[in-house]
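Read the structure below first, then the notes.
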Amino acid sequence: KAGNRAQALTIISKQVIAHQAAQQDAIDLATQLERMARSLSSIKPERARILATEAVSAEVALVSRLLSYNDYLLQLFETLRDKFSNPALPSTGKVNDLIARINDETRAINELNGRSTNALASFDEVFK
């Protein structure tokens with residue numbers, strides 16, 4: 001059991017490091033979206049500008065949800081680390097709550113990604 005706990009703690013530590021990289025990727029994406037948003041007004045024709053705006057808006061919302069997702073994931077890792085470090089800690093239902101929140105964010109991220117993808121596909125059609 002102690003070996004399993006040590007292995008679990010190692011896995012959690014690796015995931016926390018991966019989480020930090022994902023958080024930085026989300027911040028980088030937000031910076032790119034800001035640049036894109038500044039250039040939206042120059043897109044012609046109007047239909048293309050509207051579609052590009054929809055795509056960028058969905059991506060901005062997606063980044064916001066991704067940051068929330070990453071925060072919940074970090075909280076989950078910390079909760080699990082605490083539990084594996086001290087198995088005597090009582091269960092509070094926090095793990096189940098965090099998993100539910102992570103799943104909610106995942107669904108929202110997938111929906112927003114679909115919206116953005118559809119808007120970009122329509123955008124491409126404008127120029128065919």
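The values are calculated or read from the model by the stated rules, or taken from the named source; none is laboratory data. What you see is a predicted model; the values in this text were computed from it and never measured. In this analysis, Cβ positions are derived from the backbone assuming ideal geometry, glycine residues included, and neighbour counts consider all displayed protein chains. In case anyone asks, the SASA skips ligands and DNA or RNA and just uses the protein heavy atoms, side chains included. Shrake-Rupley method; radii C 1.70, N 1.55, O 1.52, S 1.80 Å.
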### Message
I'd like to know if segment 42-57 contains one or more residues that are open to solvent by less than 60 Å² (accessible area, probe 1.4 Å) and within 20 Å of ILE12 (Cβ to Cβ).
### Response
no
### Task
Residue by residue through segment 28-40, note down the ones that are farther than 18 Å from SER122 by Cα and either open to solvent by 60 Å² or more (accessible area, probe 1.4 Å) or touching a Gly at 6+ places or on another chain (Cβ under 7 Å) (or both).
ASP28, GLN32, GLU34, ARG35, ARG38
### Query
Of the residues that sit in segment 73-128 and are closer than 30 Å to ALA52 by Cβ and in a loop (DSSP other than H, G, I, E, B), which one is most open to solvent (accessible area, probe 1.4 Å)?
LYS128
### Query
When the residues of segment 58-70 are filtered to those that are in contact with a Lys or Arg (Cβ under 9 Å, 6 or more places away or on another chain) and farther than 13 Å from LEU29 by Cα, which remaining residue is surrounded by the most Cβ atoms within 10 Å (Cβ to Cβ)?
TYR69
### Query
Looking at segment 66-84, is at least one residue at pLDDT below 85, over 30 Å from PHE123 (Cβ atoms) and not aliphatic (A, V, I, L, M)?
yes
### Summary
Every listed condition ((1) under 19 Å from the mean Cα position of the chain (by Cα); (2) open to solvent by less than 70 Å² (accessible area, probe 1.4 Å)) holds for ASP25 save (2)
### Query
Does segment 2-13 contain at least one residue that is of a type outside the set (Lys, Arg), under 23 Å from the mean Cα position of the chain (by Cα) and crowded, with 16+ Cβ neighbours inside 10 Å?
yes
### Query
Taking segment 85-118, which residues are among the hydrophobic types (A, V, I, L, M, F, W, C) and modelled with pLDDT of 90 or more?
VAL95, LEU98, ILE99, ALA100, ILE102, ALA108, ILE109, LEU112
### Pair list, Cβ under 8 Å, 6 or more apart: segment 8-27 residue part of a helix (DSSP H, G or I), other residue among the hydroxyl-bearing types (Ser, Thr, Tyr)
LEU9/SER85
